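One structure below.
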Amino acid sequence: MIKLENVSKSIKGKTVIDGITQTFHGGITYGLKGINGSGKTMLMRLISGLIYPTAGRIEIRGKELGKDLSFPENLGLLIENPAFLDTYTGFDNLWLLASLNNKVGKTEVREALLKTGLNPEDRRKYKKYSLGMKQRLGIAAAIMEKPQILILDEPLNALDAEGVALFDKIIREEKEKGTLIILSCHEEEKLREYSDVILTMENGKIKNREEL
Amino acid sequence: MRLYRLIRYDIKNGICSRLYLYVPAAILCSVFTIGFYMSLQNRNLENEKLTIINILLYFFEGKEPFSPELGNAFVFPVVWLFIFLYSAFLTLNYPYSNLTGYGVQVITRTKSRKLWWLSKCFWVFLTTFLYFAVWYLVSLVLSLILHIDLSIQYSERICAELLDMKLQSVQAGSVWISLVILPVMTSVAVNLLQLCLGLFFDRIYCFLASAVILFASTYFQTPLLIGNFAMVKRSVMYQENGMDFTQGIIACVALIILSIGAGFWRIRKYDILKKHERGLQQEAEDD
């Protein structure tokens, strides 16, 4: 469970998140909706621990982010355009990341790649990947360690129809596992399809909460 | 264990994958060494016994105290400045590239900002040591090839005629401290200060700060400018009232501790944002 209590964030004097109070529960998918600049990415960065609130507090399973925790435990994250090491293959990139935590082995890394439609045996370097392949690798990195919290910022960017179908399947599986998912997506139809709750953001605030 | 894995990651990704950056240093070291060797011929000093210590004195001689009088032009010690500026350049980009793109994946997996910072400090130590190891190793190999003596002695005549340097009392310990320990420690201290400043300012300003410290050190003789401790011509080996070795070691250690400590304090609340998000001008377009 993630609990935001009156969370605000200002950057260089500008308020980007304004007094948000919201609880996120495991097993539920939250879709963030809002125009550009409404604060969706900043909210995801706050929950990921990449930035800390100027006011208010964020609790993750009773532990305060920035005080008891630097980053949430068991977090899967896709927050910027995915970026990996150019001279490594897709598998080697994920394996290097996986070796930082030692939570999963090569089998799980291969599984994650296969789930996104990438070939683990592909020897092409990352720099040779198409935009869609880069996005798939970003999704694979987010899910490979079987996270309990999954944060996905515009995961459908650059994905072709096959990629979207595979992503649909990934979301279904993660939901079945009870993963707490927070995602944003410019395609409203898709956002509604994935989400159990839609949070509409405006000027750094949650303007509306809609349960589907 | 996590720190060990992070350090292993930094060695693989921040050192092994960037070994090509040490090539210009090796080439320049060769050019400077061979140039110095050739200049013996031009000065009819072929019969003088050139030693590796003479070569290292040439690298780290720095600049004698400068008195700005009419007709006395300031000449920058190019070799000395290159050595230290390249070291600062070498440690400039990697740590902060680890806070965007792929780095976001790394830091969120470390689970601890403090460990991340510690691993980057350790990386700066390793990178600087390796960089200086390249300088010493290349000059050692060239010394072997050019039949330059490897003893701890040095030719006073070569020092006087080529480096305009007459050293005071020189003991083996002083040579080690002034030609190995203090240059490496000074460079580590400057690079760590630069790393720490990167948590407050843009990287380019941090490099400029390093450059200002080093350039100012060549101009002003003062213990407040740490570069002074890494110049033989500012040391007690060269001047009676020169920079004290112990004072130099203490200053370097103090700056290292201060930089690591300030970084620890800053990283706790540091916002990991893309560059344009810091300004927020383009946030609206990308959010």
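Name the residues in the stretch A:122-138 that are farther than 17 Å from A:Leu96 by Cβ and either among the hydroxyl-bearing types (Ser, Thr, Tyr) or assigned to a loop (DSSP other than H, G, I, E, B) (or both), would you?
Restricting attention to the stretch A:122-138, the residues satisfying the condition of being farther than 17 Å from A:Leu96 by Cβ are A:128, A:130-133, A:135-136.
The answer is A:Ser130, and nothing else.
So which of A:Thr116, A:Thr89 is over 18 Å from the mean Cα position of the chain (by Cα), more than 9 Å from chain B (Cβ to nearest Cβ) and modelled with pLDDT of 95 or more?
A:Thr89
Being facing chain B (nearest Cβ under 9 Å) and either surrounded by fewer than 21 Cβ atoms within 10 Å (Cβ to Cβ) or in contact with a Cys (Cβ under 9 Å, 6 or more places away or on another chain) (or both) narrows it down to one of A:Lys12, A:Lys40, so name that one.
A:Lys12
Return a yes/no flag: does the stretch B:233-247 have any residue that is under 26 Å from B:Trp123 (Cβ atoms) and either hydrophobic (A, V, I, L, M, F, W, C) or part of a helix (DSSP H, G or I) (or both).
Scanning the stretch B:233-247 turns up no residue that is under 26 Å from B:Trp123 (Cβ atoms) and either hydrophobic (A, V, I, L, M, F, W, C) or part of a helix (DSSP H, G or I) (or both).
Checking the condition within 18 Å of the chain's Cα centre (by Cα) and under 15 Å from A:Ala140 (Cα atoms), which residue from A:Glu173, A:Glu188 passes?
A:Glu173
Tell me the residue from B:Lys120, B:Lys114, B:Lys49, B:Lys63 that is under 19 Å from B:Val180 (Cα atoms) and among the basic types (Lys, Arg), please.
Checking each option against the conditions leaves just B:Lys63.
I'd like the residue in the stretch B:2-33 that is small (Gly, Ala, Ser) and in contact (Cβ under 8 Å) with a residue 24 or more places away in the chain and, out of all such residues, is nearest to B:Phe82 (Cα to Cα).
B:Ala25
Can you name the number of the only condition in (1) within 14 Å of chain A (Cβ to nearest Cβ); (2) buried (at least 22 other Cβ atoms within 10 Å of the Cβ) that B:Cys29 fails?
All conditions are met except number (1).
From the list A:Ile198, A:Ile181, exactly one residue is among the aliphatic types (A, V, I, L, M) and more than 20 Å from A:Gln135 (Cα to Cα). Which is it?
After applying the criteria, what remains is A:Ile198.
Name the one entry in A:Glu73, A:Glu108 that is acidic (Asp, Glu) and either buried (at least 19 other Cβ atoms within 10 Å of the Cβ) or more than 10 Å from chain B (Cβ to nearest Cβ) (or both). Please lay out each step first, then the result.
Details: A:Glu73 fails: either buried (at least 19 other Cβ atoms within 10 Å of the Cβ) or more than 10 Å from chain B (Cβ to nearest Cβ) (or both).
Sole residue among the options that is acidic (Asp, Glu) and either buried (at least 19 other Cβ atoms within 10 Å of the Cβ) or more than 10 Å from chain B (Cβ to nearest Cβ) (or both): A:Glu108.
Determine which single condition A:Ile47 fails, assuming it passes every other condition in (1) touching an Asp or Glu at 6+ places or on another chain (Cβ under 8 Å); (2) in the same structural domain as A:Thr200 (by TED's automatic domain parsing); (3) assigned to a helix (DSSP H, G or I).
Condition not satisfied by A:Ile47: (1).
Mind listing just one residue for me: the one in the stretch B:195-249 that is within 15 Å of B:Leu182 (Cα to Cα) and of a type in the set (D, E, K, R) and, of those, surrounded by the most Cβ atoms within 10 Å (Cβ to Cβ)?
B:Arg234
Quick check on my filter: what residues within the stretch A:16-33 are in a loop (DSSP other than H, G, I, E, B) and closer than 16 Å to A:Leu212 by Cβ?
A:His25, A:Gly27, A:Ile28
For the stretch B:262-272, check the following and say yes or no: at least one residue is part of a loop (DSSP other than H, G, I, E, B), hydrophobic (A, V, I, L, M, F, W, C), within 14 Å of another protein chain (Cβ to nearest Cβ) and loosely packed, with under 14 Cβ neighbours inside 10 Å.
no
Could you tell me which residue of the stretch B:96-131 is nearest to the other protein chains (Cβ to nearest Cβ), considering only residues that are within 14 Å of B:Ile11 (Cβ to Cβ) and at pLDDT below 90?
Across the stretch B:96-131, the extreme among qualifying residues is B:Val106.
The values are calculated or read from the model by the stated rules, or taken from the named source; none is laboratory data. Keep in mind it's a predicted model, so treat the numbers as computed, not measured. Don't worry about glycine lacking a Cβ; one is built from the backbone with ideal geometry, like all the others, and counts go over all protein chains shown.
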